[in-house]
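Here the structure comes first, spelled out in structure tokens, and everything after it is commentary.
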Amino acid sequence: IGSGANLQRIYTRGTNSFLASSTTAAPISLTGDATFTSTGALTFNGTIDGAQSLTLSGATGGSSFNGAIGGATALTSVNFAPASGGVISFGNVTTTGAQTYTHSGGIRTSGAYTSSGGSGIAFSAPVTLIGDTTVNAGAGAATFAGLVTGNFSLTRTGAGTTTFNGAVGSSALT
């Protein structure tokens, strides 16, 4: 796809390899389980929908998901585990199954993270709240394995357990 292409919608499944830093504004519809990988940063300004799983792996730069993920049609699960690089930013994410966020560079959150299937939501990396954030894992566990910082509210809804394994703010939990 050439520079300046005006895409109306992208339909995809399988492994999607981006060879350098890439930005797309078009909405994405998952027609099968999909994996995004890149040698640079990825920016998605459109929505990502479809009753499929989405994995981010191997990306070596910071990535931003600025549109809702699963807003119109919930994804079955998300697993974001890029190789290295800058932080990853998310807005609203809705799934019927597990959500897993793993990244040594850290994760920036705002909006609502909802898993309706009771499979849980796990942040296995430092989390910086860049806006008010709500985590609803239903009957599943909500786990924060690393440091949680930011000058915004973090609200946990749902019946499952909530675990903080790292410091929240500037103090460790006791």
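Side notes on the structure shown:
- Restricting Ala125, Ala34, Ala26 to those that are outside any loop (DSSP other than H, G, I, E, B), open to solvent by less than 40 Å² (accessible area, probe 1.4 Å) and either in contact (Cβ under 8 Å) with a residue 12 or more places away in the chain or not aromatic (Phe, Trp, Tyr) (or both) reduces the list to Ala34.
A quick yes/no check of all residues on (1) modelled with pLDDT under 95; (2) under 19 Å from Gly97 (Cβ atoms); (3) open to solvent by 30 Å² or more (accessible area, probe 1.4 Å):
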| residue | (1), (2), (3) |
| --- | --- |
| Gly117 | yes, yes, yes |
| Leu129 | yes, no, no |
| Asn136 | no, yes, yes |
| Thr143 | no, yes, yes |
| Leu147 | yes, no, yes |
| Ser153 | yes, no, yes |
| Thr157 | yes, yes, yes |
| Leu173 | yes, no, yes |
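- Residues in segment 126-159 that are among the small types (Gly, Ala, Ser) and touching a Phe, Trp or Tyr at 6+ places or on another chain (Cβ under 6 Å): Gly131 only.
- Residues in segment 149-171 that are in a strand (DSSP E or B) and aromatic (Phe, Trp, Tyr): 1 in all.
- Within segment 37-59, considering residues that are within 19 Å of Ser77 (Cα to Cα) and β-branched (Val, Ile, Thr), the one least open to solvent (accessible area, probe 1.4 Å): Ile48
- Filtered residues of segment 1-19 (kept if at pLDDT 80 or above and either within 16 Å of Leu75 (Cβ to Cβ) or not polar (S, T, N, Q) (or both)): Ile10, Tyr11, Thr12, Arg13, Gly14, Asn16
- Tally, over segment 102-115, of residues that are at pLDDT 90 or above and open to solvent by 50 Å² or more (accessible area, probe 1.4 Å): 0
- For segment 130-148, a tally of residues being in contact with a strand residue (DSSP E or B) (Cβ under 6 Å, 6 or more places away or on another chain) and assigned to a strand (DSSP E or B) returns 10.
- Apart from one condition, Ala98 fits all of (1) within 24 Å of Ser21 (Cα to Cα); (2) at pLDDT 85 or above; the exception is (1).
- Asn66 meets each of the listed conditions (1) buried (at least 17 other Cβ atoms within 10 Å of the Cβ); (2) at pLDDT 80 or above; (3) not hydrophobic (A, V, I, L, M, F, W, C) apart from (1).
The values are calculated or read from the model by the stated rules, or taken from the named source; none is laboratory data. All values derive from a computational prediction rather than experimental measurement. Note that each Cβ is placed from the backbone with ideal geometry, even for glycine, and that neighbours are counted across all protein chains shown. Ligands, DNA and RNA are stripped out before the accessible areas are found, and what is left, the full protein with its side chains, is counted by its heavy atoms. Shrake-Rupley method; radii C 1.70, N 1.55, O 1.52, S 1.80 Å.
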